[in-house]
Each structure stands twice: as structure tokens, then as C-alpha cells.
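Scroll down for the structure; my scribbles are underneath it.
The values are calculated or read from the model by the stated rules, or taken from the named source; none is laboratory data. This one's a predicted model, so the numbers in the text were calculated from it and none came from an experiment. When we count neighbours, we look across all protein chains shown, and the Cβ atoms used for this are built from the backbone with ideal geometry, even at glycine. For the accessible areas, the whole protein counts, side chains as well, though only heavy atoms, and no ligand, DNA or RNA atoms are used. Shrake-Rupley method; radii C 1.70, N 1.55, O 1.52, S 1.80 Å.
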Amino acid sequence: MNINELLRGYDTGNLAIGTLASHSALQIMHGAKKERFTTILVALRDRAWFYRDFDHLIDLIIEVNSWRDICKPEIAEELRGYNTILVPHGSFVEYVGLECGESIKVPLFGTRSLLRVEADQKLKMLLLMKAGIPTPRVYELGDDIRGPVIVKLPGAKGGKGYFIASSNSEIEAKLRKYIEDGLLRSPREAIIQEYIVGVTAYFHYFYSPVLNRLELLGADIRYESDIDGLRRLPVGILEELGIDPTFTVVGNLPLVLRESLLPRIIEYGRRFVDASRGMVSPGVIGPFCLESVIDRELNVKVFEFSGRIVAGTNLYIDGSPYSYLYWDQPVSMGRRIAIEVRLALEKGLLEKIVT
Amino acid sequence: MNINELLRGYDTGNLAIGTLASHSALQIMHGAKKERFTTILVALRDRAWFYRDFDHLIDLIIEVNSWRDICKPEIAEELRGYNTILVPHGSFVEYVGLECGESIKVPLFGTRSLLRVEADQKLKMLLLMKAGIPTPRVYELGDDIRGPVIVKLPGAKGGKGYFIASSNSEIEAKLRKYIEDGLLRSPREAIIQEYIVGVTAYFHYFYSPVLNRLELLGADIRYESDIDGLRRLPVGILEELGIDPTFTVVGNLPLVLRESLLPRIIEYGRRFVDASRGMVSPGVIGPFCLESVIDRELNVKVFEFSGRIVAGTNLYIDGSPYSYLYWDQPVSMGRRIAIEVRLALEKGLLEKIVT
Amino acid sequence: MNINELLRGYDTGNLAIGTLASHSALQIMHGAKKERFTTILVALRDRAWFYRDFDHLIDLIIEVNSWRDICKPEIAEELRGYNTILVPHGSFVEYVGLECGESIKVPLFGTRSLLRVEADQKLKMLLLMKAGIPTPRVYELGDDIRGPVIVKLPGAKGGKGYFIASSNSEIEAKLRKYIEDGLLRSPREAIIQEYIVGVTAYFHYFYSPVLNRLELLGADIRYESDIDGLRRLPVGILEELGIDPTFTVVGNLPLVLRESLLPRIIEYGRRFVDASRGMVSPGVIGPFCLESVIDRELNVKVFEFSGRIVAGTNLYIDGSPYSYLYWDQPVSMGRRIAIEVRLALEKGLLEKIVT
């Protein structure tokens, strides 16, 4: 698909920023409105009422019956009619589907070809390794497993279905159950990673092709059910219950990092930007997130990434502590996207930030 | 008592906003001052010094020897003399006492008749159930208890005296001890609730009768001693100590929620507003809080509510991430109350927001 | 050393604020810039690139090969040439060394003689006890130890090397290992404190000699590896691993406290200011932190302090909830320092805030 051709049909003096009504949509709308763009939301019919309370932020709500409707030619045409740049987020990646995401005839903010990598855990780990970013050891089923591992099902499932184990037999038993439940097709699809003992930390980056600058706009910790609740139960009751904890993301908690860690975190972000250029053209654009465990020696190991805006940025709708260092005003990730579009417009570089 | 009659004696061009010097008083004063109201604090004599450091926020401090002194006719008269609207908060509910709270001759922001419901755990659960909001199962002593339960003493005690148990005999033994210690009159007064495995989340709502709008202004997690500290101890030492954890609220931590949960959270808030109309006239006004556990399937179960401003809103004195979506300026719950008073004044609807 | 003499050589209309490029340097630079001071960073050569991304906040970066180079006469001379007031922080305390810190010929914001106390855990506990601030019981090796204790190595190590134990033999075994590893010279240097069961809370104070006012500008919780991660592991796996948790500080989490605790927290801060006057002349100036555990009865016990800005203040680069109560604008601790310098300048009181 020729995006530049689509852009040529656009009235760039009247751009709209659009997204799906989920994940970080309110933040994206708020940020786009701050930068004086028209804002468009594609919403599931039964959830649209919720977004109407924010009609001062949202100029138009297009109602659909299912997320995949966004790929119907008439919806894409309507979006193009409003000169829309579509911002993909986690729900886009998860619910719209790869085929549609890759082919939708609307300019996407960011790197369309990254969607295919996002959909494939093994490609994701490959990109991290190519970048020379430290990652946890990856096992195959049957490998000699030493110490605890975390096992993940393919796809962005918000942490659902992750589990911790410490032997092949334990892993196999659980995967068999997932297959029976229809959550997994083959045990080979599961990712088995060394479980790093340490604390999790999620870094929110923005790579600006217009400024050729990588910004660290925030960090968060996920708030996960039931793992973050279970640890409040007395040990005796925990043992009695014998529950296998889950990691369903319910929300996010704000975090700042030791300043002495920041140069390394920026360094890993730059390596990611560089490596992405070798794997998907033209390389990552705009928001991405490296998802790490930091151990007792302050080693940062990245076990996962997101190649688009993450929900943890919803903490910083009025700016993160770090965003004030770069911009000295309240710049959320949603607003940062809108700023990039505005800067690109001003410099005639729109084709550098959409694909 | 005829509140409208009290209001008729007021110089509404010179209203004051007042509260007790505890809980969320600084936030309420700060918010009222932002909206250019006169601000009045009723303070315990031995704590007044602390509030004097904030005299740019507080126009008048009335010193009392005990919280209940606020109910003396001369204090109420003084407050009326300044045209005061009194904002009740958690310390008001807990320390002033129901009889005084119901009869005090000063207009209260919010719903006076809700105080009686607030004072009675069983009425509170009834209101939630009437609203059709999912709640944990409630047991009576002697019921066939399966799985862990949480047992709570009556009254707003900031989490003190809660405990987790998993059998009738365990519950009875502990309640007997509370009765011996004079903390409880009868075992029947205790609330026994199914312990939902998941994570806690507290939602800060504001219902505006003037705008006829329900706003979600923030969310928090409580920081509780000793439960949030105990989990840092090694399992071996925990077992050695054999401590029964307590849930004394020490502070609050900020939280944002998955955006896909927000429509349901707003829906539950609306149901609460509607059901409150059937139970206490004219229904809830202004701030309230639904206190929930979110499980691994993202079910939201509400185990408790507060029919007034909660202390978790102190996190957002400069606005919560959500408040920027509604107001695009730093609006704390305290300031939101003051905005509602100002809007009501402008529209001649004062009697819709005080009781 | 005669600081007033150094100050007499300064062009006070052109002051610079300087610090070492670590810990809370970005915050300090941001705050100084907000108050329109020249800003100077002394950076390790291999980390300077990171700080160059913030050149709108930093007027000059002086590169050094090691932290101690800051004590070379030519660096101090260069700093004086720019009329620099140097702000010490945790990395200054830890990496520059006491001798250099005490003798460096550049005016320091704060109390130079406090550096010696900061470097000696036993003097620190003595100051707290002289202040009449409740502290955990301190044991000597061989004492009759009842209940869990926390054992700390001397020096500000960011929580590295702390451990929990419950008997003399356990403590001795671990200290022997630290000595073997060269982390400790003698077991006598270790601090053995009663482990208070409760939750930790760190209070950020600013004492203003110019306004003669103590402000509580924020609070935080430390995010520590691996202790805050380990508790997410299932009990069975934890026991299998048998890991001794560490407390390496990775970052910080925001916190607000029950308002009813604030008067006591301010009271303890005032006692600290008073007691510091008796121990180090002229007493504490500017930022300090009391580091506490709050138990189930809401007792606040202070187990440690920092006599300078702490990294937890990095949470509040755009202001903490409390800072809005005092200043009604976004005042970080870094900016508060700069405001104090400006106020002192205006009133001709510079010698009251530097030593």
C-alpha cells in the first residue's frame, strides 16, 4: 500500500487524530485536542455512551459493532474523509488483527510493519537480542531448566495466562490444560523465559524522527490480579488455597527510577531504535516500551517490549516527572504523539512519521 | 430541621466552606480557596498549631476541645454567622457521632441522611445490593464457610481490627477477644464477607446534581500497616512470628485503571446514585467512593462504600489523571466540591446540594 | 575554611547552582532553571552524553574522570569562577568522600558539618535519639536478640547489603561473609536494629532558615530489588529458592499520608531541626528526610535519616500534593532549594543557607 498516495489526498491543514475507543484512547484524544487537532474515536456500539461524557475532547464518534469493522472499506474511507491519522495502541494490536492492521487504508502513526513483529513473541525476542539488550534466557520445552521460569502464551493478553514454574513436567501439565481449554494451539507456541529475581519496571519511550531524539517520558509498574493481592494473604491461608497466581493487568502504578539507571535505560532505548531499523523499515517511530526486571545488582533485563503506546502512560495524562524535564509543560504520551504530528506538518515531514 | 430556612438566613454572596481539621481538610481548604470562598476549620485545640502553617489557605480556625463540640449551639451559630457550608469527611463520620451529625444546625454539603447508612455496615451492604452492584458473599456466624473470609468490626475504623480467617471457630475465637478488649459489643455486629482473591481498587466519584453528571475523578490503593509491610519479610521469619496481619490505613497510593474497566466502573457509580435515591432522600450528592476487589477475570466486586470524600483523594490535590479529562485543569475532590457550590450559586440551586 | 570569605568573592547577581550529575541532578537543574539561575553539572566523562539531552536545563557540564576530581583545586576554582553554590545529594555523600566534602572550597547549600554525621550510622542514631524521636531498638552483637532484626552495613549504599535475621548466629554468619567479600571491615561496624513490623514511609522535609519554617514537601516509598519482586513468587517457589532478600533501591513510589499523622510528622521534623543545632552548627539547612516505619497502632519510628535531598523527591519534579499546599505552584525539592537561594539573596541572608 502506498501511504504517500493516501497522504496526497489529505487536506493536511485539517488533520484529525483517531484511535479505537479503548486502552489509552482518552489520553490520545486529550493530547490531540491540546494540540488543536480534530479528534475521532471508533467505538464499539455498546461502549460509546461512556465516551460521550468526554465530548469536549472528542469531535466525532464512529460506532461499530466489532473492532474488526474498522477495516471495512467504508469506515476507512470515512476516516480518510476526515484526513485521519490513526494511532494504534494495545487494543488495536490485540483485537483488530494483524491482517487488517497491515492492510487498513488509513495512515497509521508509527511503524505498520512492526505489527507483525508485535504479534510474534519469538520475533520480538529476536529484535531485542539483535539490539544487544540483555534479556532473560529463553528455554525450549525439554531443555534442562534450572530455577524458576515464567511461561507466556502468544499474543498481547494483558498478562492473562502467564504462570511461573520450575520444571518441565510442571510446564507441560499446565500447557496441556491451556490446550484443552482452547487457549493455545501447540505447546511450542508458549514462551518459556528464565524468571529473573528482581523488580519489574516499564519504560515509556518516544522516538522522534522529526527531532531525531529519543525521550524517556515515564515509567510504571503494572498492578496485576491476582498476584498483587495474593501476597496480602497470610502464608498459612495462601498454602491452604494453593492458588496459581495470575498476572491480569488491572491498572498501573507510577514509578521514578534511580537517576544513575537512566543513562543505561536511554542506551537500551537507542539500541532498540537502531536494531528496529534493520528489522522493520523505517524503524520504530514514536512510542514504545521496554519491559524489564531490575535485579539486586541493578542489572536491567528486558523480557518484552511493546512497539506502540502502552496503558501505563495513562498515569501521566498531565505529564510525568520526566516529561517536565524535556518539555517543561504537561506532555502525556498522547500529547507527545500530537506534538510530533504538528512538528512534522510544520516541517513538511509527515511521511516520516506515518506508514 | 429545615435547611432551606437556614439558607434563607445566609448571605450567599459571602459563603464560607468549612470542615473539621483532619482527614482531607487541607485539600478541602485548598480547593475552596481556589474557588475564592472564605475557608473555616474547626480544629482540636492541640492540633491547631499544625494548621496555622497553612494560614494562606485557611481564613479562620475555630478551636474546640473535642470533636463533638462542633455540635454545641454556639459553634453552630458561629459557623452560620459566617454563612458556612460544612463538608463532612471520614473523621466527621467517625468522631462527631451520628446524632450530632444528623442534627447539627449548619448546612452540610452532601446528603445528611446518608450518615445513618454510613454508620451501619448492614445498611451499606443493602444499598449496594439494591443497586445491583456485585458484592462479595456475606456470611452469618455459623454459616457453612468455604474459603477465606474477611471479618470487619462496625464503624469507619480506618481498617483497624479487620482480619482474615477461614473457619467459624477461628472467627469466634477472635471476636471473643475483641469483645473482651471492649472493641465490639456482640459477635453479631461483625461483618463476615467472602474474601475475594484479587487486587483492591478504590474509585473516587463525584455526582453533580447541578450538571446531572457523574464524574470519576481518581482511584487509589490503600497503604496498610502491617499487611503491606509483612509481605516484605522472608517466609521463614513470617512463620516464626506468626503475626495476624492488620489493615490500619497509613496512607494512599495512586492508581490508574485499564481503560476498558472504566465504563463498568462508571456504570456501577450510576447504579449507586440511582439506588441511593430510593433509600435516602434526595440521593447521594457530591463525592462518594466504591471500594472494590478486581479479580483475575476482571470482575469488579464492591465490598464497601463511603458516602463522602475519602482520604485517597489527598493524592490528587493538584488534580488526578482523570480530572484533567473532565476539567482540563487541576481539580481535586476538594476543589470539585467548591466548584459545585459555585455552580449551584450561579444557577440558584444551592438547596440541591446541601441538606 | 571561611565560607563568608568565598562568598565575598562572588558576584551574587550572577549566582550558579551546581551539583554532581547523578541522584537528583536533573531535578536540581530543572528547579534552579525555573528560578532563573545559571546551572552547572559536574559529570563523569562517560555519562555526560546523557545529560547533554537536557541542555535547555544545564548551562555548563564540567566533565571529570572520577567523582573525587571535584575536589581538585582547579575544578573548585572553576566552580567559584561561576559563583557556584554546590548542592550535595546522596551520590555526593557516597562517592566524593568525607574529607573532600568537608574541605571543598565551594559554598555548599546546607550544613557541611552534617556530612560527618551522615557518614557514621552511630552518630546518626544518636542525633535521632537526642531529638527525642522514637527509633527502633539498637542491638550490639551478642545482645539477647528477640524477634527479627535488620542488619545494615555502614555508609549510604542505596539499601544494598541490608538483611533480616532473627538470631546472633545468623547475623554473625552473614557478616563473616561480607567481611570475606571485602564489603565490611569489622562486624562492629554493622548496625543491628529491631525490625519494626509495619510499613515504611519516607518524609521529605525542607527547613527554611530564611522563612524560619519547616515544610513537609512530600513522601515516598522505596522500590527495592529484590524484596519487592520476591513477594510476587508463589510461597512454594520462594521456599525452593531459599533466597535472602536484598533491599537495593531501584526507584521510588509516591505516597500521601493520613492527614492525622501529619502533625506528628511535622513535630518530629521540628525536633530534628532543633537537635541538629546542638550537634552540628548551625543546624540542618534545607532538605532532609526522616525514614520511618509506621506500625499498626500508627506509631511512627524513625530508623534512619538523610541530611540532604533524597532521590524520592524525583517523583515530584512537577510538585508533590503537599507542595501545592505551601506554594500553590509546582515546587519540587530542587526548585525549593533554588527558591531559598533567591529569597536569601533578596534579604541579604546568603550566609545563613550556605556553609
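Once a ≥ b ≥ c are taken as the square roots of the eigenvalues of the Cα gyration tensor of chain C, is the result rounded (a/c under 1.5), prolate (a/b larger than b/c) or oblate (a/b not larger than b/c)? Since a/c reaches 1.5 and a/b is larger than b/c, the shape of chain C is classed as prolate. Among beta bridges identified by DSSP and lying wholly in chain A, the antiparallel ones come to about 70 percent. Computed from point charges on the beta carbon alone (+1 for Lys and Arg, -1 for Asp and Glu), the dipole magnitude for chain C about its Cα centre is near 700 Debye. Remark: the range C:232-308 carries a charge dipole of roughly 440 debye about the Cα centre, counting +1 on each Lys and Arg Cβ and -1 on each Asp and Glu Cβ. Here the Gaussian network model covers chain A, with springs between Cα atoms less than 10 Å apart; of A:Pro136, A:Pro107, A:Pro148, A:Pro148 fluctuates the most.
For B:His204, C:His56, give me the order by solvent-accessible area with a 1.4 Å probe, most accessible first, ignoring ligands, DNA and RNA. Provide the component values of the computation, followed by the final result.
On the way: B:His204 0, C:His56 80 Å².
From most exposed to least exposed: C:His56, B:His204.
Note on A:Val280: accessible area approximately 10 square angstrom, rounded to 10, probe 1.4 Å, nucleic acids and ligands left out.
Helical runs (DSSP H, four residues minimum) scored at -39500 (n - 2.57) apiece and divided by the length of chain B put the mean residue ellipticity at 222 nm at -9000 deg cm²/dmol. Looking down the axis that turns chain A into chain B, the chain A residue with its beta carbon nearest that axis, and the gap rounded to whole angstrom, comes out as A:Arg231, 3.
Comparing B:Glu291, B:Glu304, B:Glu99 in a Gaussian network model of chain B (Cα springs below 10 Å), the most mobile by mean-square fluctuation is B:Glu99.
Placing dummy labels 7 Å off each Cα toward the beta-carbon, the span from C:Arg270 to C:Glu291 is 2.6 nm. So for the protein assembly as shown, taking the charge dipole from beta-carbon charges (+1 Lys/Arg, -1 Asp/Glu), which of B:Gly269, C:Ala131, C:Gln27 sits furthest toward the positive end? Working it through, the farthest residue towards the positive pole turns out to be C:Gln27.
For the residues of C:294-304, the average number of beta carbons from a partner chain within 10 Å of their own beta carbon is 4. A point 7 Å from Cα along Cα→Cβ stands in for C:Pro282, and the other copies hold the same point at 5.9, 5.9 nm, listed in rising order.
Pairing chains A and B buries close to 4000 square angstrom of accessible surface in total, based on protein heavy atoms and a 1.4 angstrom probe. A probe of 1.4 angstrom, applied to the heavy atoms of all protein chains, finds C:Tyr207 with accessible area near 20 square angstrom. A simple charge model with +1 on the Cβ of Lys and Arg, -1 on the Cβ of Asp and Glu and nothing else charged puts the dipole of the range A:138-194 at about 280 debye relative to its Cα centre. Compute the Cα gyration tensor for the range C:138-194, then decide on rounded, prolate or oblate, letting a ≥ b ≥ c be the square roots of its eigenvalues: rounded whenever a/c is under 1.5, prolate when a/b is larger than b/c in the other cases, and oblate in all that remain. Prolate, since a/c reaches 1.5 and a/b exceeds b/c.
Please give the per residue accessible area of chain B, computed with a probe of 1.4 Å over protein heavy atoms only, in Å².
Values: 12390 Å² over 355 residues.
For chain B, the solvent-accessible area averages 35 Å² per residue.
I'd like the trypsin sites (Lys or Arg not before Pro) in the range C:289-355 restricted to DSSP loop residues with at most 11 other Cβ atoms within 10 Å, sorted by number. Walk me through the numbers before you get to the answer.
Values: sites: C:Arg296, C:Lys301, C:Arg308, C:Arg335, C:Arg336, C:Arg342, C:Lys347, C:Lys352; in loops: C:Arg296, C:Arg308.
Loop-located and lightly packed - none at all.
Within the accessible surface of the range A:3-108, defined with a 1.4 Å probe on protein heavy atoms only, the carbon and sulfur portion equals 44 percent. For chain C, a Gaussian network of Cα nodes joined below 10 Å ranks C:Val293, C:Val341, C:Val235 by mean-square fluctuation, and the top entry is C:Val235.
The figure for B:Arg231 is an accessible area of roughly 40 square angstrom, using a 1.4 Å probe on the protein chains alone.
When the residues B:Ser167, C:Ser281 are ordered by accessible surface, computed with a 1.4 Å probe over the protein chains alone, the sequence from largest down reads C:Ser281, B:Ser167.
Report the calculated FRET efficiency for A:Lys122 and A:Ile179 (r = Cβ-Cβ distance, R0 = 25 Å), to the nearest 0.05.
Values: r = 19 Å, r/R0 = 0.74.
With R0 = 25 Å, the Cβ-Cβ based efficiency is 0.85.
Quick one: angle between helix C:168-180 and the longest Cα principal axis of chain C, in degrees between 0 and 90, rounded to 10, please. Its long axis makes an angle of about 50 degrees.
Site pair B:Ser186 and B:Glu99 shows an inter-label distance of 2.0 nm when each label is modelled 7 Å from Cα along Cα→Cβ.
Of the residues B:Ser169, A:Ser306, A:Gly13, the one whose Cα sits farthest towards the positive end of the charge dipole of the protein assembly as shown is A:Gly13 (charges of +1 on Lys and Arg Cβ, -1 on Asp and Glu Cβ, taken about the Cα centre).
Between the beta carbons of A:Glu240 and C:Leu141, assuming R0 = 51 Å, the FRET efficiency works out to 0.85 to the nearest 0.05. For the range C:3-108, rounded, prolate or oblate, judged on the Cα gyration tensor with a ≥ b ≥ c (square roots of eigenvalues), a/c < 1.5 rounded, else prolate if a/b > b/c? Cα axes put the range C:3-108 in the oblate bin.
Think of it this way: in chain B, B:Cys289 stand alone, with no other Cys Cβ under 4.7 Å.
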